[in-house]
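First comes the structure, then the notes that go with it.
No lab work stands behind these numbers, since they all come straight from the coordinates. Small disclaimer: the values here were computed from a predicted structure and weren't measured. Cβ placement follows ideal geometry from the backbone for every residue including glycine, while neighbour counts extend to all protein chains displayed.
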Amino acid sequence: MLAGCGTAPQNTEPEAVDALPAEEALVLPAYPDEADLVALPLAGAPGEFRFFVDGRSISAGQDGVVRYTLVARSAAGVHNVSYEGMRCASGELRIYALGRGREWVSAQGGWRAIRPGGAQRWHEALYREYFCRMKQPVRSSREAIDALRRKPATDY
């Protein structure tokens, strides 16, 4: 009996190059407290929002995603709270949850590119200067907090 002659069928689909690791399971942090907020040194026009990161919420996952709680506060005292993640290797952002009455509400949506010079310049600043320098995630929350406290205001 002869074994089949010939070659195995060729896989015509391209191989994924630099495939991103699977995203870790989402665990929402405690809602931010004023005492834990670290100011994002971002220059802006008077009357614009000021931005803060909850130092307790910062985590650098094994999946290359830096997760954190962002608080945006207007001069009038209005504030927006969101729990977000930055995928450093690909320069993408995802909003996992929004704050409503000191509770988290799931946000619908996937990953989107962080655009240089975009309307949400604070995301570009967090990405380039604090959490993902040279597309490499910070190694710890302490490293991220130290960078935020040490860095002068940047105008994007």
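From the phi of every residue in segment 105-120, what ³J(HN,Hα) in whole Hz does the Karplus formula 6.51 cos²θ - 1.76 cosθ + 1.60 yield, where θ is phi - 60° and glycine or proline is x?
10, 4, 9, 8, x, x, 6, 9, 5, 8, 9, x, x, x, 5, 9
Once amide H atoms are placed 1.01 Å from N in the peptide plane, what residues at a sequence separation of 5 or more from Ile114, or on another chain, have their amide H within under 5 Å of its amide H?
The answer is Glu92, Leu93.
Which ³J(HN,Hα) values in Hz, rounded to whole numbers, follow from the phi angles of segment 128-143 under the Karplus curve 6.51 cos²θ - 1.76 cosθ + 1.60, where θ = phi - 60° and Gly and Pro get x?
6, 9, 10, 9, 9, 4, 6, 6, 10, x, 4, 8, 7, 5, 4, 4
Enumerate the calculated ³J(HN,Hα) couplings along segment 90-98 in order (Karplus 6.51 cos²θ - 1.76 cosθ + 1.60, θ = phi - 60°), each rounded to whole Hz, writing x wherever the residue is Gly or Pro.
Each residue of segment 90-98 in turn: 10, x, 10, 10, 9, 9, 8, 8, 10 Hz.
Evaluate the distance, in nm, between pseudo-label points positioned 7 Å from the Cα of Leu98 and of Arg73 along their respective Cα→Cβ axes.
Modelled inter-label distance: 2.1 nm.
Classify segment 34-150 as rounded, prolate or oblate from the Cα gyration tensor: take a ≥ b ≥ c as the square roots of its eigenvalues, call it rounded if a/c is under 1.5, otherwise prolate when a/b beats b/c and oblate if not.
Here segment 34-150 falls in the rounded category.
Figure the gain on full extension for Arg115 and Asp36 (residue separation times 0.36 nm, minus the Cα-Cα span) and round it to one decimal in nm.
That pair, Arg115 and Asp36, stretches by 25.6 nm at full extension.
At what distance in nm do the modelled label points of Asp63 and Glu48 sit from each other, each positioned 7 Å from its Cα along Cα→Cβ?
Modelled inter-label distance: 3.1 nm.
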